[in-house]
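Trainee: I am attaching a structure below and will ask some questions about it afterwards.
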Amino acid sequence: MKTRTLGKNGFEVSEMGLGCWQLGSDWGTGIDQDGAFGILQAAVDSGVTLFDTADVYGAGKSERAIGAFLKQSGANVRVATKYGRMDVYPDNYTADTMRAAVEGSLERLGVASLDLLQLHCIPTEVMRDGTVFDWMRDLQKEGLIKQFGASVETVEEGLICIEQEGIASLQVIFNMFRQKLVKELLPQAQAKGVGLIVRLPLASGLLAGKMTAETTFAESDHRNYNKDGDAFNVGETFAGLPFVKGVELADQIKAMKPEGISDLTMAQMALRWILDHDAVSTVIPGASSPAQAQANAAVSDLAPLSAELHAALTDFYTAEVHENIRGAY
């Protein structure tokens, strides 16, 4: 596993991290503690040194699972968590609610200081006001958090946040279906020394290339109830694409997979495409099984994709994908 630095104010992270929303069992098939431990251990054994979670994932369940795992395993892993959605969205952002949220995360994770606290897709106007960043700086001075960053939905929000003094990272949606950031945010963040954590790298599974137009999801799965943005930003589900259109576009990308690399999965190609952008610090795909965690982690050791394939994927995005993206971007 190769490593990169999370911005000039951050720390060393594995190129492939692990997203832990699924451990909260808020959607899809529920994962019990044994299942969670198996996924987390497989990730650690594969060289992963960053777990990404949030207080709102399972109302603390994801953080508790990670905390219990770290206590049992003694693994040397950085944990990034978030504040901004549970019990405070959209208009209850105060220094007191942030402090209470941090204290809750510390207790659930079983640590004295959070490695990275991120704002969790809070309203743009709250980011623009900037007071929330002062609260995080205060918590940093007290030693309750080591670094701070922000998870954002749009280029505009990212550009607002990177102007904040001391910010270590942005968490962004970035994948082969969402390439706007290549020119409009990645260079700007890199110039400011702000690290980039990439979420939704497989567009809710579309870019694994295994779904069909007939694929269905459980009622409790966000790929069902948020497929048109009815619960939260539509970009968080299928990267904002209508599902059937997304399947069609993914099938076209599948046909672009390089010949002669039979063991390269489409998911690995999609993850490698992201890592080939040197502004990216780490990618945090989720995993519902140990095998999936291992396959994702292995992408760090793969050779970069060819310049020809990158050019073809850029042209494909411009001609076929961009006009179909819905939601704030």
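Every residue, every condition in (1) within 21 Å of A59 (Cβ to Cβ); (2) surrounded by 18 or more Cβ atoms within 10 Å (Cβ to Cβ); (3) of a type in the set (A, V, I, L, M, F, W, C), yes or no:
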| position | (1), (2), (3) |
| --- | --- |
| L106 | yes, yes, yes |
| L119 | yes, yes, yes |
| R128 | no, no, no |
| M136 | no, yes, yes |
| G158 | no, yes, no |
| Q171 | yes, yes, no |
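Trainee: For the range 312-324, does any single residue satisfy the condition of being surrounded by 15 or more Cβ atoms within 10 Å (Cβ to Cβ), within 25 Å of R78 (Cβ to Cβ), in contact (Cβ under 8 Å) with a residue 60 or more places away in the chain and not basic (K, R)?
Mentor: Checked against the condition, which is being surrounded by 15 or more Cβ atoms within 10 Å (Cβ to Cβ), within 25 Å of R78 (Cβ to Cβ), in contact (Cβ under 8 Å) with a residue 60 or more places away in the chain and not basic (K, R), the range 312-324 yields no hits at all.
Trainee: Suppose the filter is within 25 Å of K8 (Cα to Cα), modelled with pLDDT of 95 or more and in contact with a Pro (Cβ under 9 Å, 6 or more places away or on another chain); does I162 pass it? Can you show your working first?
Mentor: On the way: within 25 Å of K8 (Cα to Cα): yes; modelled with pLDDT of 95 or more: yes; in contact with a Pro (Cβ under 9 Å, 6 or more places away or on another chain): no.
Taking the combined requirement at face value, the residue does not satisfy it.
Trainee: Further question on the same structure: Only one of (1) surrounded by 23 or more Cβ atoms within 10 Å (Cβ to Cβ); (2) aliphatic (A, V, I, L, M); (3) over 15 Å from G195 (Cα atoms) fails for A112. Which number is that?
Mentor: Every condition holds for A112 apart from (1).
Trainee: How many of the residues making up the range 210-222 are buried (at least 16 other Cβ atoms within 10 Å of the Cβ) and at pLDDT 95 or above?
Mentor: To start, the set of residues in the range 210-222 that are buried (at least 16 other Cβ atoms within 10 Å of the Cβ) comprises 211, 217, 221-222.
Among the residues that remain, those that are also at pLDDT 95 or above are: 211.
So the count comes out to 1.
Trainee: For the range 243-262, how many residues are of a type in the set (A, V, I, L, M, F, W, C), surrounded by fewer than 18 Cβ atoms within 10 Å (Cβ to Cβ) and assigned to a helix (DSSP H, G or I)?
Mentor: Applying the first criterion (of a type in the set (A, V, I, L, M, F, W, C)) to the range 243-262 yields 243-244, 247, 249-250, 253, 255-256, 261.
Next, from what is left, pick out any that are surrounded by fewer than 18 Cβ atoms within 10 Å (Cβ to Cβ): 244, 255-256, 261.
Subsequent filtering for residues that are assigned to a helix (DSSP H, G or I) retains 244.
Residues flagged as of a type in the set (A, V, I, L, M, F, W, C), surrounded by fewer than 18 Cβ atoms within 10 Å (Cβ to Cβ) and assigned to a helix (DSSP H, G or I) within the range 243-262 amount to 1.
Trainee: Could you identify the single residue in A68, A101, A59 that is crowded, with 20+ Cβ neighbours inside 10 Å, assigned to a helix (DSSP H, G or I) and of a type in the set (A, V, I, L, M)?
Mentor: Values: A68 fails: crowded, with 20+ Cβ neighbours inside 10 Å; A59 fails: crowded, with 20+ Cβ neighbours inside 10 Å.
The conditions single out A101.
Trainee: Inside the range 263-285, can you point out the residues that are among the polar types (S, T, N, Q) and part of a loop (DSSP other than H, G, I, E, B)?
Mentor: We begin by selecting, within the range 263-285, every residue among the polar types (S, T, N, Q); these are 265, 268, 281-282.
Once the filter is applied, which keeps residues that are among the polar types (S, T, N, Q) and part of a loop (DSSP other than H, G, I, E, B), the range 263-285 yields T265, S281.
Trainee: Given the criterion surrounded by fewer than 19 Cβ atoms within 10 Å (Cβ to Cβ) and at pLDDT 95 or above, identify the matching residue among A307, A270. Please lay out each step first, then the result.
Mentor: On the way: A270 fails: surrounded by fewer than 19 Cβ atoms within 10 Å (Cβ to Cβ).
Residue meeting the stated conditions: A307.
One line per residue, one yes/no per condition, for (1) out of contact with any Cys (no Cβ under 7 Å at 6 or more places or on another chain); (2) part of a loop (DSSP other than H, G, I, E, B); (3) modelled with pLDDT under 95:
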site: M1; (1), (2), (3): yes, yes, no
site: R4; (1), (2), (3): yes, no, no
site: N9; (1), (2), (3): yes, yes, yes
site: W27; (1), (2), (3): yes, yes, yes
site: D34; (1), (2), (3): yes, no, yes
site: I39; (1), (2), (3): yes, no, no
site: A42; (1), (2), (3): yes, no, no
site: G47; (1), (2), (3): yes, yes, no
site: D55; (1), (2), (3): yes, yes, no
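Trainee: Answer yes or no: is there a residue in the range 84-92 that is within 30 Å of P187 (Cβ to Cβ) and not β-branched (V, I, T). Steps first, please.
Mentor: We begin by selecting, within the range 84-92, every residue within 30 Å of P187 (Cβ to Cβ); these are 84-85.
Subset that is not β-branched (V, I, T): 84-85.
Within the range 84-92 (the criterion being within 30 Å of P187 (Cβ to Cβ) and not β-branched (V, I, T)), the answer is yes, since at least one residue qualifies.
Trainee: Which residue is nearest to the chain's Cα centre (by Cα), if the candidates are limited to the range 286-329 and must be in a loop (DSSP other than H, G, I, E, B) and over 21 Å from A239 (Cβ atoms)?
Mentor: Applying the first criterion (in a loop (DSSP other than H, G, I, E, B)) to the range 286-329 yields 286-289, 302-306, 325-329.
Still in the running and over 21 Å from A239 (Cβ atoms): 289, 302-304, 306.
On the way: S289: 18, L302: 20, A303: 22, P304: 21, S306: 25 Å.
Top of the filtered list is S289.
The values are calculated or read from the model by the stated rules, or taken from the named source; none is laboratory data. Worth saying up front: this structure is predicted, and the values here are computed from it rather than measured. No Cβ is skipped: glycine too gets one built from the backbone with ideal geometry, and neighbour counts run over all protein chains shown.
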